[in-house]
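Data first, discussion second: the structure below is written as structure tokens.
The values are calculated or read from the model by the stated rules, or taken from the named source; none is laboratory data. It should be emphasised that the depicted structure is a prediction, and the values quoted were computed from it without experimental measurement. With ideal geometry, Cβ positions are generated from the backbone for all residues, glycine too; neighbour counts draw on all protein chains shown. Heavy atoms of the whole protein, side chains included, go into the accessibility calculation; ligands, DNA and RNA do not. Shrake-Rupley method; radii C 1.70, N 1.55, O 1.52, S 1.80 Å.
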Amino acid sequence: KQEEGFGGTSSVSGKVYALDYNTELTELTGQFYAPDEDVFIVFGDDMVYADKTSTHFDGTYRFDNLKKGLYTVYSYSKDTTGNPDVDEFAVLQSFEITSNRQEIILPDIIIVK
């Protein structure tokens, strides 16, 4: 069986949307599609990311040349729980490519800045 990864004809794309709060996280000071945010892709049930890209000026990202299989993309968000041991956490979106030449557009990844 061929595993997930690069070498295929499908792609996934989406946008990263940022909620910008003050230092105390009590007031929303802005919201926008986030440029220059890292987005990572994981193949199948791997424990580490296979590739990363940065969002463009309009918050968009894209991974091309994907084979059929299960994938997860993620970006990091500031932790809003107040846990002193955690600065950020990953906001995950999983998807499946089921055919060749498939173009998947995911919902926005929403992060806190």
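Consider Asp38 against the criteria (1) under 14 Å from Ser13 (Cβ atoms); (2) open to solvent by 30 Å² or more (accessible area, probe 1.4 Å); (3) within 11 Å of the chain's Cα centre (by Cα): it satisfies all of them except one. Which criterion is unmet?
(1)
In this structure, does Thr29 turn out to be assigned to a strand (DSSP E or B), free of Cβ contacts under 8 Å to residues at least 24 places away in the same chain and over 19 Å from Ser99 (Cβ atoms)?
yes
Please list, ordered by first then second residue, the pairs with beta carbon atoms under 8 Å, 6 or more apart or interchain, first in segment 34-52 and of a type in the set (Lys, Arg), second surrounded by 19 or more Cβ atoms within 10 Å (Cβ to Cβ) and modelled with pLDDT of 95 or more.
Lys52/Val39; Lys52/Phe40; Lys52/Ile41
Restricting to segment 1-24, give me the number of residues that are surrounded by 14 or more Cβ atoms within 10 Å (Cβ to Cβ), more than 13 Å from the chain's Cα centre (by Cα) and under 19 Å from Phe89 (Cα atoms).
Summing the residues that are surrounded by 14 or more Cβ atoms within 10 Å (Cβ to Cβ), more than 13 Å from the chain's Cα centre (by Cα) and under 19 Å from Phe89 (Cα atoms) in segment 1-24 gives 3.
Please name all residue pairs, on different chains or six or more residues apart, with Cβ atoms under 9 Å, provided the first residue is in segment 102-113 and is under 22 Å from Asp20 (Cα atoms) and open to solvent by less than 40 Å² (accessible area, probe 1.4 Å) and the second residue is assigned to a loop (DSSP other than H, G, I, E, B) and of a type in the set (Ser, Thr, Tyr).
Val112/Thr80
Would you mind telling me which numbered condition in (1) of a type in the set (Asp, Glu); (2) touching a Ser or Thr at 6+ places or on another chain (Cβ under 7 Å); (3) part of a loop (DSSP other than H, G, I, E, B) Asp58 fails?
Result: Asp58 fails condition (2) only.
Can you find even one residue in segment 70-85 that is open to solvent by less than 100 Å² (accessible area, probe 1.4 Å), more than 25 Å from Ala34 (Cβ to Cβ) and either among the basic types (Lys, Arg) or in a strand (DSSP E or B) (or both)?
yes
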